[in-house]
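Peer 1: Here you go, one structure.
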Amino acid sequence: MVLFLAPFRRVNPRKSDSGLRSLMIMMKKIRRLLPAPPDFAILLFALVISIGELSVVQVESRDGKPNVVILFTDDQGTLDANCYGSKDLITPNIDKLAATGVRFTQAYAHTVCCPSRAALLTGRHPQRGGVHHWTQGDMNAAKGINMALEEVTLAEALREAGYRTALFGKWHLGAHRDFGPKKQGFDEFFGIRDGFIDNYNHFFLHQKGFHDLYEGTEEVFARGEYFPELMIQRSLKFIEENRESPFFLYVPFNIPHYPEQALAEHEALYSAMKDPARKSYGAVVTTTDAYIGQVVDKLESLKLRENTIVIFMSDNGHSEEVTNTIRIDGHKSGYPRGHFYGASGGGYTGKWIGNKGKFLEGGIRVPAIVSFPAKLPGGEVREQIVTAMDWFPTVLDLCGIQQAEDAPPLDGHSLLPIIDSAESESEYRGVLHFAWGNHWAVREGDWKLIGVQPKNGKEPGLSLHNLADTQPEAKDHLREQSEVAARLRELHERWVKEVTPK
């Protein structure tokens, strides 16, 4: 008798019995050991216990499903790759993805790390899942903000469709042990649960600091080992182990985010560069690019590249956090007071202004590429508005997976119509919404209203900007365009009511 386990009706693994998950894993291992039938799928109905009741599981062949790899870089600025016009940077692997895929010139993530990751993984505005401010960082601290478990991630959707799933890198959606990657669809997780670490001692460096390197919820001590190397080696191993079945590999880098600790071989490539900020930043961008290349090269060596969807994107604009230093004695990392670990501020935005933490284009517009040689064109450029939320529905479309009927509705849109035709209109119709803490922004066409909501209930501070100006967004048009500002503010207020959990 030949047994196969594959996609079944939606069962939330967070709410189902652990025995069900064990059965799923066991059946997947059995299937890998058995030859597939030549011309048809064998259907197996198995009884499993799910939420206290018996359920029937229909099993079908998974052959031909594409793999999915998402390469999400950290604080890589708006135009910071050679293929985006930064000719002083060495990024051959990102450039290769652009040459073999579709490059987007008007792609938006968010202004900082947490909301970008929520948008990417859920296909929804971060506020819907409670990600409206910095999430809990230290797993051992008191419970703080963590992304709601009710949110359905791309990992959950793909795992339920028979994919093996893994996250190696940076989570940053809430570190509490009752939350995290393995509660949101990832079979494997190795990395940092918060936002950044020193790459060699693995300590978070703000405030008093804390150690942040985990296998699931088990703390890992590997002092002296370079974290990007550790996460990429795990990624390569995962690809090798799952080469014969579909997998989803999410690689959220913690670089080029500060501290800008590039590999020495890449620092040497910029030895002649005169600008010290660009020199430091450029070197760590090239280190990031080199690790991207290792992942893609692995896919190619195993002849998986053709049938693998590779998505590359940054989480926000480049950082201008250039004053970060250890401010206390006895810091848990062991670094002395005054130790510098901030950014260099060496990002490039071209005609745009702004940086990480701002809603100007330089803070939210990022590089983004999708490459899938089996089905998508290569060397194409698209100028329409796209967002991090769009990857969720796009991947489901490319994988032939329908969203479960009881899944939360998505805010993102499949990019296939845009990819198919450069003339297709963006589903956003020029309207975008962003919010983080008490700061927010709404864009309609070329107009963008940016607001700061005081905590005392007073009227928000507002500024109105235009992307079509000769110097985009440099001028505040609020006084002479009060009607435009009023319309945009109304759009924002309606959106807040819609995305705020009831």
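The values are calculated or read from the model by the stated rules, or taken from the named source; none is laboratory data. If you're wondering where the values come from, they're calculated on a predicted model, not measured in any experiment. Backbone-built Cβ (ideal geometry, glycine too); neighbour counts: all protein chains shown.
Peer 1: Picking from Lys298, Lys279, Lys303, which residue would you name as being of a type in the set (D, E, K, R) and part of a loop (DSSP other than H, G, I, E, B)?
Peer 2: Every option except Lys303 fails the conditions.
Peer 1: Which of the residues belonging to the stretch 463-482 are in a strand (DSSP E or B) and out of contact with any helix residue (DSSP H, G or I) (no Cβ under 6 Å at 6 or more places or on another chain)?
Peer 2: Ser463, His465, Asn466
Peer 1: For the stretch 206-263, name all the residues that are free of Cβ contacts under 8 Å to residues at least 12 places away in the same chain and under 19 Å from Leu302 (Cα atoms).
Peer 2: Gln233, Lys237, Glu241
Peer 1: Inside the stretch 164-185, can you point out the residues that are in contact with a Ser or Thr (Cβ under 8 Å, 6 or more places away or on another chain) and either on the phi > 0 side of the Ramachandran plot or of a type in the set (Phe, Trp, Tyr) (or both)?
Peer 2: From the stretch 164-185, those in contact with a Ser or Thr (Cβ under 8 Å, 6 or more places away or on another chain) are 164, 166, 168, 172-175, 177, 180, 182, 184-185; that's our starting set.
If the condition is that a residue be in contact with a Ser or Thr (Cβ under 8 Å, 6 or more places away or on another chain) and either on the phi > 0 side of the Ramachandran plot or of a type in the set (Phe, Trp, Tyr) (or both), then Phe168, His172, Gly174, Gly180, Gly185 are the ones that fit.
Peer 1: For the stretch 186-204, how many residues meet the condition of being within 16 Å of the chain's Cα centre (by Cα) and either on the phi < 0 side of the Ramachandran plot or not assigned by TED's automatic domain parsing to the domain that holds Phe248 (or both)?
Peer 2: Residues in the stretch 186-204 being within 16 Å of the chain's Cα centre (by Cα) and either on the phi < 0 side of the Ramachandran plot or not assigned by TED's automatic domain parsing to the domain that holds Phe248 (or both): 8 in total.
Conditions (1) at pLDDT below 95; (2) part of a loop (DSSP other than H, G, I, E, B); (3) assigned by TED's automatic domain parsing to the domain that holds Lys358; (4) in contact with a Lys or Arg (Cβ under 7 Å, 6 or more places away or on another chain), marked per residue:
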residue	(1), (2), (3), (4)
Val381	no, no, yes, yes
Val386	no, no, yes, no
Asp390	no, no, yes, no
Val395	no, no, yes, no
Leu398	no, no, yes, yes
Ile401	no, yes, yes, no
Asp406	yes, yes, yes, yes
His413	no, yes, yes, no
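Peer 1: Condition (residue is at pLDDT 95 or above, in contact with a His (Cβ under 8 Å, 6 or more places away or on another chain) and in the same structural domain as Trp171 (by TED's automatic domain parsing)) applied to the stretch 260-282: is it met by at least one residue?
Peer 2: Yes.
Peer 1: Another question about this same structure. Six or more apart or on different chains, Cβ under 9 Å: which pairs go from a residue in the stretch 88-114 that's assigned by TED's automatic domain parsing to the domain that holds Val442 and farther than 17 Å from Glu306 by Cβ to one that's part of a loop (DSSP other than H, G, I, E, B) and at pLDDT below 95? Could you list them?
Peer 2: none
Peer 1: Inside the stretch 286-301, can you point out the residues that are in contact (Cβ under 8 Å) with a residue 24 or more places away in the chain and within 13 Å of Ser235 (Cβ to Cβ)?
Peer 2: Answer for the stretch 286-301, where residues must be in contact (Cβ under 8 Å) with a residue 24 or more places away in the chain and within 13 Å of Ser235 (Cβ to Cβ): Tyr291, Ile292, Gly293, Gln294, Val295, Val296, Lys298, Leu299.
Peer 1: With the condition kept exactly as written, say whether any residue in the stretch 300-321 is closer than 23 Å to Leu205 by Cα and surrounded by fewer than 18 Cβ atoms within 10 Å (Cβ to Cβ).
Peer 2: Within the stretch 300-321, one or more residues are closer than 23 Å to Leu205 by Cα and surrounded by fewer than 18 Cβ atoms within 10 Å (Cβ to Cβ).
Peer 1: OK, next. In the stretch 405-435, what residues are surrounded by 14 or more Cβ atoms within 10 Å (Cβ to Cβ) and among the charged types (D, E, K, R)?
Peer 2: Matches in the stretch 405-435: Asp411, Glu427.
Peer 1: May I pose another question? Does Gly457 satisfy being of a type outside the set (Val, Ile, Thr), free of Cβ contacts under 8 Å to residues at least 12 places away in the same chain, farther than 19 Å from Val499 by Cα and in contact with a Pro (Cβ under 8 Å, 6 or more places away or on another chain)?
Peer 2: For Gly457, the condition - of a type outside the set (Val, Ile, Thr), free of Cβ contacts under 8 Å to residues at least 12 places away in the same chain, farther than 19 Å from Val499 by Cα and in contact with a Pro (Cβ under 8 Å, 6 or more places away or on another chain) - is not met.
Peer 1: Another one. Conditions: (1) buried (at least 24 other Cβ atoms within 10 Å of the Cβ); (2) more than 15 Å from Arg193 (Cα to Cα). Cys113 meets all but one. Number of the miss?
Peer 2: Exception for Cys113: condition (2).
Peer 1: Of a type in the set (A, V, I, L, M, F, W, C), at negative phi and not in a helix (DSSP H, G or I), is that true of Ala486? Steps first, please.
Peer 2: Details: of a type in the set (A, V, I, L, M, F, W, C): yes; at negative phi: yes; not in a helix (DSSP H, G or I): no.
When the stated conditions are applied, Ala486 does not pass them.
Peer 1: Something else about it: Looking only at the stretch 106-149, count every residue that is within 22 Å of His206 (Cα to Cα) and among the basic types (Lys, Arg) and tell me the total.
Peer 2: 2
Conditions (1) assigned by TED's automatic domain parsing to the domain that holds Val381; (2) touching a Gly at 6+ places or on another chain (Cβ under 7 Å); (3) acidic (Asp, Glu), marked per residue:
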{"residue": "Pro409", "(1), (2), (3)": "yes, no, no"}
{"residue": "Leu416", "(1), (2), (3)": "yes, no, no"}
{"residue": "Ser426", "(1), (2), (3)": "no, no, no"}
{"residue": "Val431", "(1), (2), (3)": "no, no, no"}
{"residue": "Ile450", "(1), (2), (3)": "no, no, no"}
{"residue": "Gln453", "(1), (2), (3)": "no, no, no"}
{"residue": "Pro460", "(1), (2), (3)": "no, yes, no"}
{"residue": "Leu464", "(1), (2), (3)": "no, no, no"}
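Peer 1: Same structure again: Considering only the stretch 143-170, state which residues are part of a loop (DSSP other than H, G, I, E, B) and not acidic (Asp, Glu).
Peer 2: Lys143, Gly144, Ile145, Asn146, Met147, Ala148, Leu149, Val152, Thr153, Ala161, Gly162, Tyr163
Peer 1: Within the stretch 352-374, is there a residue that is in a loop (DSSP other than H, G, I, E, B), in contact (Cβ under 8 Å) with a residue 60 or more places away in the chain, exposed (fewer than 15 other Cβ atoms within 10 Å of the Cβ) and not hydrophobic (A, V, I, L, M, F, W, C)?
Peer 2: Checking the stretch 352-374: not a single residue is in a loop (DSSP other than H, G, I, E, B), in contact (Cβ under 8 Å) with a residue 60 or more places away in the chain, exposed (fewer than 15 other Cβ atoms within 10 Å of the Cβ) and not hydrophobic (A, V, I, L, M, F, W, C).
Peer 1: What residue, among those in the stretch 201-246 that are within 18 Å of Lys182 (Cβ to Cβ) and of a type in the set (Asp, Glu), is surrounded by the most Cβ atoms within 10 Å (Cβ to Cβ)?
Peer 2: Among those that are within 18 Å of Lys182 (Cβ to Cβ) and of a type in the set (Asp, Glu), it is Asp212.
Peer 1: Any residue at all in the stretch 84-99 that is closer than 23 Å to Leu360 by Cβ, assigned to a strand (DSSP E or B) and either touching a helix residue (DSSP H, G or I) at 6+ places or on another chain (Cβ under 7 Å) or of a type in the set (A, V, I, L, M) (or both)?
Peer 2: Among the residues of the stretch 84-99, not one is closer than 23 Å to Leu360 by Cβ, assigned to a strand (DSSP E or B) and either touching a helix residue (DSSP H, G or I) at 6+ places or on another chain (Cβ under 7 Å) or of a type in the set (A, V, I, L, M) (or both), which makes the answer no.
Peer 1: Looking at (1) part of a strand (DSSP E or B); (2) over 21 Å from Phe186 (Cβ atoms), which is the one condition that is false for Ile309?
Peer 2: Condition (2) is where Ile309 drops out.
Peer 1: May I ask you to list the residues in the stretch 415-462 that are of a type in the set (A, V, I, L, M, F, W, C) and part of a loop (DSSP other than H, G, I, E, B)?
Peer 2: Those that are of a type in the set (A, V, I, L, M, F, W, C) and part of a loop (DSSP other than H, G, I, E, B): Leu415, Ala422.
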